[in-house]
Amino acid sequence: MISSVSTSAMSNALSNSIVDLQKRLSIAQKELTTGQHADMSVALGSQQTRDSILHLSVSDIEAIAASNSVVSSRLEITQTSLQKLSTDAQAMRSALMTAQNGVGNRGAIIQQAQTALGAMMSSLNASSGGVFVFGGVKGDTPPIADTASAPPSAAKAALDAAFTSNFGFPPSDPAVSTITASQMNAFISGPMAALFSSNWTTDWSSASSSPLQNRISITQTSVTSVTANEASFQKLAAGYTMLTNLGASNLSKDTFQAVLTAATNYFDQGVSGLTNLQEKVGVIQSDVKSAQENMATQKDLLSAQIGALEGVDPSLASVTVTNLMTQIETSYSLTARIQQLSLTKYL
């Protein structure tokens, strides 16, 4: 029996082989470039579900880490604002203590209080990323109304109304000089005190009393803000207000001294409260930092597991590419030589 193979059949067979080798080379080159299997479903098989879960875990960590960056920025602004409030309040207290000793200009004290009150409102209306830092869950609204606005804010109007109702004339009336120290003390501890406690969220603050909460790690959720409704802010506002909106420039010496004493007491309480808030925010900042560091470690571990599943051996991938290129070159060479074969050359 005689069998024969035509040059055409051999050439076609080699051509088909080259096409297959080129496909395999393309896959091998992709794996060498990316460092990953070209077809995950084939390479991973039953491990594909585990691989998907690992990717979801990494995505969760990345999302929380991004949120923590926003939280950290907000907390930093909070600390800066609290420090500014504390510095101004302590400076105001020092000025009041000096004035109580008979030293200091009344007009200068009133002006310092007005400036500090304006700065306080600016600090409490600080924003970060379009969110008002001290607004609580109502972060889209400025927390504190400007008492120096025109027309008068609800807070200023309420104070003037309470003062007029109590004394029979407004704070701007020269008759305030007739108010005794005991009468002023009774007003400050009674009607005025109510304006900075029960009426704070009605007239002064638009903030929510519910602070923001954020998920700062895979397993931990934390309060991440301070709201403008904290008692320490009410104390400071009351202290500044009694120096600026009770007709201080026309009060008798004894009555003015009573106002200074009351204001000093409010600043003492306010500064003490601010210190506690700064410590509280510091703890939150520390928790967020620790969470970020822990999640970075977790992400590295998860990424290593993903790499072990999806990755290819670069050395082996390089050898595969080289071998395939050699086979293709050899196939091209053989194809060319076969195509040159002719029976007439041997006749």
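The values are calculated or read from the model by the stated rules, or taken from the named source; none is laboratory data. What you are looking at is a predicted structure, and each value in this text was computed from that prediction instead of being measured. Glycine also receives a Cβ, built like all others from the backbone with ideal geometry; neighbour counts cover every protein chain displayed. Side chains included, ligands, DNA and RNA excluded: accessible areas come from the protein's heavy atoms. Shrake-Rupley method; radii C 1.70, N 1.55, O 1.52, S 1.80 Å.
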Check: Which of the residues that make up the range 161-174 are part of a helix (DSSP H, G or I), open to solvent by less than 60 Å² (accessible area, probe 1.4 Å) and either touching a residue at least 24 places away in the same chain (Cβ under 8 Å) or in contact with a helix residue (DSSP H, G or I) (Cβ under 8 Å, 6 or more places away or on another chain) (or both)?
Finding: Ala162, Phe163, Phe167
Checklist line | Set Asp173, Asp203: member being among the charged types (D, E, K, R) and over 44 Å from the mean Cα position of the chain (by Cα) | finding: Asp173
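Residues of the range 124-134 being over 14 Å from Ser81 (Cα atoms) and either in a strand (DSSP E or B) or open to solvent by less than 50 Å² (accessible area, probe 1.4 Å) (or both), which ones?
Answer for the range 124-134, where residues must be over 14 Å from Ser81 (Cα atoms) and either in a strand (DSSP E or B) or open to solvent by less than 50 Å² (accessible area, probe 1.4 Å) (or both): just Val131.
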Notebook entry, point to check: How many of the residues in the range 188-227 are crowded, with 20+ Cβ neighbours inside 10 Å and within 18 Å of Thr241 (Cα to Cα)?
Noted result: 7
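Quick grid of which residues meet (1) touching a helix residue (DSSP H, G or I) at 6+ places or on another chain (Cβ under 8 Å); (2) open to solvent by less than 10 Å² (accessible area, probe 1.4 Å); (3) of a type in the set (Ser, Thr, Tyr); (4) outside any loop (DSSP other than H, G, I, E, B):
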| site | (1), (2), (3), (4) |
| --- | --- |
| Met97 | yes, no, no, yes |
| Gly102 | no, no, no, no |
| Gly107 | yes, no, no, yes |
| Ile110 | yes, no, no, yes |
| Thr115 | no, no, yes, yes |
| Gly118 | no, no, no, yes |
| Ser122 | no, no, yes, yes |
| Gly136 | no, yes, no, no |
| Thr141 | no, no, yes, no |
Notebook entry, point to check: Is there a residue being of a type in the set (Lys, Arg), under 26 Å from the mean Cα position of the chain (by Cα) and part of a helix (DSSP H, G or I) anywhere in the range 210-219?
Noted result: no
Check: Could you give every pair whose Cβ atoms fall below 8 Å, whose first residue belongs to the range 195-214 and is small (Gly, Ala, Ser), and whose second residue is at pLDDT below 90 and buried (at least 17 other Cβ atoms within 10 Å of the Cβ), counting only separations of at least 6 or pairs across chains?
Finding: Ser205/Ala145; Ser206/Ala145
Check: Counting only residues that are open to solvent by less than 20 Å² (accessible area, probe 1.4 Å) and aliphatic (A, V, I, L, M), which one in the range 265-293 is farthest from the chain's Cα centre (by Cα)?
Finding: Leu274
Notebook entry, point to check: Between a first residue in the range 236-249 that is touching a residue at least 24 places away in the same chain (Cβ under 8 Å) and a second residue that is of a type in the set (Lys, Arg), which pairs have beta carbons less than 8 Å apart while being 6 or more apart in sequence or on different chains?
Noted result: Asn245/Lys156; Ala248/Arg106; Ser249/Arg106
Checklist line | Pair list, Cβ under 6 Å, 6 or more apart: the range 52-67 residue over 20 Å from Asn214 (Cβ atoms), other residue open to solvent by less than 40 Å² (accessible area, probe 1.4 Å) | finding: Leu54/Leu302; Leu54/Ile306
